[in-house]
1. Extending each Cα 7 Å along its Cβ direction at VAL52 and GLU415, get the distance between those two points in nm, one decimal.
2. Suppose each label sits 7 Å from its Cα in the direction of the beta carbon; what would the ILE423-GLN107 distance come out to in nanometres?
3. How much net charge surrounds PRO357 when only the other residues with a Cβ under 11 Å from the Cβ of PRO357 are counted, with Lys and Arg +1 and Asp and Glu -1?
4. Counting other Cβ atoms within 10 Å, keep those with at most 15, restrict to DSSP loop, and tell me which trypsin sites (Lys or Arg not before Pro) in segment 95-171 are left.
5. Could you tell me which GluC sites (Glu not before Pro) in segment 433-538 are loop residues by DSSP with no more than 11 other beta carbons within 10 angstrom of their beta carbon?
6. Averaged per residue, what accessible surface does segment 316-396 expose to a 1.4 Å probe, in Å²?
7. Apply 1/(1 + (r/R0)^6) to the Cβ-Cβ distance of ILE141 and MET249, taking R0 = 22 Å, and write down the FRET efficiency to the nearest 0.05.
8. With the full set of protein chains in place, find how many percent of the accessible area of segment 68-183 is carbon and sulfur; take the probe as 1.4 Å.
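The values are calculated or read from the model by the stated rules, or taken from the named source; none is laboratory data. It should be emphasised that the depicted structure is a prediction, and the values quoted were computed from it without experimental measurement. A quick note on method: Cβ atoms are made from the backbone with ideal geometry, for glycine too, and the neighbour counts reach across all protein chains shown. Quick note on the areas: whole protein, heavy atoms, side chains included, nothing else; ligands and nucleic acids left out. Shrake-Rupley method; radii C 1.70, N 1.55, O 1.52, S 1.80 Å.
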Amino acid sequence: MGVFGTILGFFGFGFGTVIGLVGGYFLFIYHQPTDIKDPEIQPLAEQDSKTVELLLPEIPLWVKNPDYDRVDWLNKFIETMWPFLDKAICKTVRETVKPIIAEQIPQYKIDSVEFEALTLGSLPPTFQGMKVYVTDDKELIMEPLLKWAGNPNILIAAKAFGLKATVQVVDLQVFAFPRITLKPLVPTFPCFANIYVSLMEKPHVDFGIKLFGADAMAIPGLYTYVQGLIKDQVANMYLWPKALEVQIMDPAKAMQKPVGILNVKVLRAMKLKKKDLIGASDPYVTLKLTDDKLPSKKTSVKHRNLNPEWNEEFGLVVKDPESQALELQVYDWEKVGHHDKMGMNVIPLKDITPEEPREMTLDLLKNMDPNDTRNEKSRGQVVVEVLYKPFKGDEIPPDTDGPNSVQKAPEGTPEGGGLLVVILHEAQDVEGKYHTNPSARILFRGEEKKTKRIKKNRDPRWEEEFQFTLEEPPTDDKLHVEVISTSSRMGLLHPKETLGYIGINLADVVNNKRINEKYHLIDSKNGRIQIELQWRAS
């Protein structure tokens with residue numbers, strides 16, 4: 001009887017359990033209430049005082065404080081760039097922390113400490129508003145409100161005595177109110193020398209730590225202790241007026257004023273080694289001063305010539321003759337693709353006696369490494385004449401370093417005339433009705449010059465230079481530039497069509513010495529072309 005009662009009790013318990021589960025499912029899951037209403041949304045001004053008080057911490061700063069500006073554009077930018085910023089920041093952290101860990105762990109008898117996983121997650125930080133201060137000093141002060149509720153995965157593994165321990169940081173929240181100061185502002189890119197970061201109040205930092213896979217923050221008292229420790233340590237280091245200083249450049253160098261001008265005359269090159277398999281090379285020379293942010297100056301291209309003569313003069317502004325050097329590089333011009341480097345050399349300015357012209361013959365090298373055996377190979381020579389003229393007192397020639405400064409015309413240019421240089425950089429949004437294989441054509445005083453043709457491209461990039469030697473300034477002349485598309489297919493009814501054209505008055509070029517602008521093409525829906533014009537007077 002006892003066995004029989006046990007069996008009946010078992011089945012009774014099982015039957016009751018099934019009835020209970022089905023009934024619970026029906027009552028609490030399947031049966032949904034029908035009287036649920038959508039929440040009523042009211043404007044903030046219509047809310048009662050208690051509701052507004054509860055919402056106040058979540059309202060953006062730009063709503064509560066008129067001194068703060070909206071920065072939605074910045075948040076959108078960070079959101080778009082975040083996948084790439086995440087990888088770049090994590091890579092920098094790994095490279096920065098690795099040598100520090102390697103230096104510290106031996107004293108603790110730990111075999112290794114490394115990141116098994118390091119990612120900041122898919123949720124980017126957001127800025128709730130930003131205040132910008134205007135001061136009389138050469139500085140820019142910004143105060144953004146940063147909020148970041150991220151989903152990072154930071155897994156650190158430590159190995160010692162044959163054992164392995166892992167620590168994982170998850171669910172990170174950071175609310176900070178930093179002051180970012182860029183100073184001093186300098187006339188050299190990126191236009192500021194230092195970044196100073198201070199915290200205007202103690203930051204809020206919240207995160208979870210998993211030790212051996214368990215939540216360590218669940219230990220009573222540990223969460224409060226860690227929160228207070230982080231706030232106090234960060235405040236001791238960075239709470240205003242203390243600051244984290246990051247030097248971008250040497251302010252002394254950035255604020256340096258010109259002290260002289262270096263006149264360089266590129267005379268000729270000799271015994272150059274050809275880079276092309278078929279035919280001779282097309283050499284030209286670039287020259288610039290080290291520690292100079294300006295683009296390199298360059299000579300004209302001498303086609304099919306391994307012993308070219310230029311006799312072209314250039315002026316370079318000198319800021320520190322003790323540390324700067326003249327860097328010369330010889331390239332082989334290519335119509336398509338990368339220009340091949342034929343050799344280089346440098347002239348330290350401290351080796352040049354001021355006010356004394358000096359002709360120098362330089363052997364072309366692969367690079368400036370004295371231990372590189374490739375420099376033993378003969379690459380030819382380049383001959384230049386240099387003259388360093390220090391400024392006297394406050395004498396600084398106007399426009400020596402300006403955006404419109406251009407080099408002088410080469411020797412042999414007619415007296416009173418000059419050299420008109422036309423550089424066709426690129427075109428955008430050009431499209432033909434039957435085909436789009438754009439090239440550009442220049443018409444000037446009955447002379448025609450063309451760029452290469454680029455097949456099936458609405459945004460062609462030519463980067464080709466053309467020169468016209470003139471006996472007088474072209475103040476009354478007009479330059480005609482036309483973009484055309486041609487097809488090499490036989491039997492096509494429309495082998496050639498115009499994609500747009502532009503006429504440019506050259507009086508402005510003569511007056512300004514240099515113009516680099518984008519022009520809207522006539523007879524083109526959206527086409528534009530970028531043309532650089534230079535007038536090099538004799």
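1. In this crude spin-label approximation the distance works out to 8.5 nm.
2. 5.5 nm
3. Net of charged neighbours comes to -1.
4. The qualifying sites are LYS109, LYS138.
5. Counting only loop positions with at most 11 other Cβ atoms within 10 Å, the GluC sites (Glu not before Pro) in segment 433-538 are GLU471.
6. 57 Å²
7. 0.70
8. Reported share for carbon and sulfur atoms: 62 percent.
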